[in-house]
Amino acid sequence: MSTGKKFKIASIGAGNVGASAAQYCLELELGDVVLTDILEGFPQGKALDLTEAGPIRGYSSQCTGTNDYADIEGADLCIVSAGLPRKPGMTRLDLLEKNGQIMTSICENIKKYAPESTVIVITNPLDVMVYLAYKKLEFPANRVIGMAGCLDSSRMRSFVAMELGVSMKNVDTMVLGSHGDDMVPLPHYTTVSGIPITKLMPQDRIDAIVERTRKGGGEIVQLLKTGSAFYAPAASAVRMAQSVIRDEKQVLPCAAHLTGQYGLNDIYMGVPCVLGKDGVEKIIELDITDAERAALHKSAEEVKSGIAGLQEVGIL
Ligand code: APR
């Protein structure tokens with residue numbers, strides 16, 4: 001039993017992703033959760049529902065809902081999923097301006113009420129939104145982290161496991177770059193219990209898995225028709241939150257602020273990070289091929305054009 005401090009987690013945005021993140025945090029008993037949303041009654045209703053599940057699911061952490069940012073006061077960790085989800089036919093960049101405005105107002109409130117928190121951003125377009133959050137919050141970069149690679153690599157792990165008929169738990173992958181069609185899955189860092197997948201399946205199946213991973217978000221959007229993925233995104237953010245809150249030092253691909261790593265500067269991109277109590281405690285520079293490096297830089301161009309878009313509309 002932990003006798004340590006009780007953590008406070010603010011899940012900002014009580015929609016599909018935010019409420020699922022709250023649920024996973026409660027089930028892991030990571031801390032008390034404050035669900036925050038602008039819709040009246042919505043976060044309160046979800047928080048009460050989650051509280052009423054507690055006796056059955058066996059958690060006793062508190063969950064409250066609010067429309068008042070003052071209630072996030074002193075939060076140790078903020079998970080931000082507020083914004084519009086991607087609809088069929090919409091690109092992540094279409095969401096840029098609207099979600100940029102939402103992110104700006106949320107950052108003002110986090111800065112005011114939870115200035116010491118670590119912030120995990122989920123809102124899309126992810127790499128641009130987390131950069132915006134970093135700029136608006138003016139927190140040290142290690143405390144502002146984007147959730148993307150963890151989700152993309154979890155998708156790739158599932159696809160590899162499905163293809164080979166093996167346990168998903170045995171599959172490890174690494175996905176770099178932006179959270180979009182230009183992400184850079186790394187098959188040569190993909191293993192099944194230490195066995196490289198190149199030894200287990202032919203190249204055309206690896207290529208198909210890489211492609212499906214790149215389009216993983218879109219595949220769910222096409223199926224759901226009325227929204228975008230939420231279980232896996234929320235689970236990924238909570239995996240990151242767990243590593244920070246419990247100081248686990250898990251190595252996870254996250255969107256982190258780069259200052260020269262991989263030849264990229266002042267940009268948020270997906271790279272392997274060590275996550276602990278100080279947030280991003282280390283960025284790991286992998287040995288990658290020239291083609292992968294070129295793909296990573298292409299993916300950075302997409303993020304830069306998003307940042308330029310925010311500058312054009314006066315948000316940054
Ligand atoms: N403050 C708090 N909540 C807000 C704000 C705001 N300023 N603006 C919007 N919201 C809330 C909405 O009221 C809604 O409840 O954000 C919530 C978003 O929930 P959903 O529409 O269900 O979207 P969701 O599927 O959770 O996706 C949220 O995560 O994966 C990304 O692309 C996805 O950017 C999207 C985000």
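The values are calculated or read from the model by the stated rules, or taken from the named source; none is laboratory data. Only a predicted model underlies this, so the values are computations on that prediction, with no experimental measurement involved. For neighbour counting, all protein chains shown are included, and Cβ atoms are generated from backbone atoms with ideal geometry for every residue, glycine included.
Worth pointing out:
- Applying the set (1) within 21 Å of Ser158 (Cβ to Cβ); (2) more than 16 Å from the ligand (Cβ to nearest atom) to Leu275 leaves exactly one unmet item: (1).
- Top-ranked residue in the range 1-47 [being among the small types (Gly, Ala, Ser) and in contact with a helix residue (DSSP H, G or I) (Cβ under 7 Å, 6 or more places away or on another chain); ranked as farthest from Gly83 (Cα to Cα)]: Gly31
- Looking across the range 39-70, the residues that are within 25 Å of the chain's Cα centre (by Cα), exposed (fewer than 15 other Cβ atoms within 10 Å of the Cβ) and not in a helix (DSSP H, G or I) come down to Leu39, Asp68.
- Of everything listed in (1) over 22 Å from Arg246 (Cα atoms); (2) within 16 Å of the ligand (Cβ to nearest atom), the single unmet condition for Gln23 is (1).
- Only listed residue being more than 10 Å from the ligand (Cβ to nearest atom) and either crowded, with 18+ Cβ neighbours inside 10 Å or modelled with pLDDT under 95 (or both), chosen from Gly74, Gly31: Gly31
- Applying the criterion of being away from the ligand (no atom under 12 Å from the Cβ) and small (Gly, Ala, Ser) to the residues of the range 236-254, the residue that is nearest to Ala10 (Cα to Cα) is Ala241.
- Remark: Ser60 falls outside the filter, which requires a residue to be within 13 Å of the ligand (Cβ to nearest atom) and in contact with a Gly (Cβ under 7 Å, 6 or more places away or on another chain).
Yes/no matrix, rows are residues, columns are (1) of a type outside the set (S, T, N, Q); (2) part of a loop (DSSP other than H, G, I, E, B); (3) modelled with pLDDT of 95 or more; (4) surrounded by fewer than 19 Cβ atoms within 10 Å (Cβ to Cβ):
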{"residue": "Gly227", "(1), (2), (3), (4)": "yes, yes, no, yes"}
{"residue": "Ser236", "(1), (2), (3), (4)": "no, no, yes, no"}
{"residue": "Tyr268", "(1), (2), (3), (4)": "yes, no, yes, no"}
{"residue": "Glu281", "(1), (2), (3), (4)": "yes, no, yes, yes"}
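Listed here are the residues, each with its yes/no results for (1) in contact with a Cys (Cβ under 9 Å, 6 or more places away or on another chain); (2) among the small types (Gly, Ala, Ser).
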| site | (1), (2) |
| --- | --- |
| Gly218 | no, yes |
| Ser228 | no, yes |
| Met240 | yes, no |
| Lys249 | no, no |
| Asn265 | no, no |
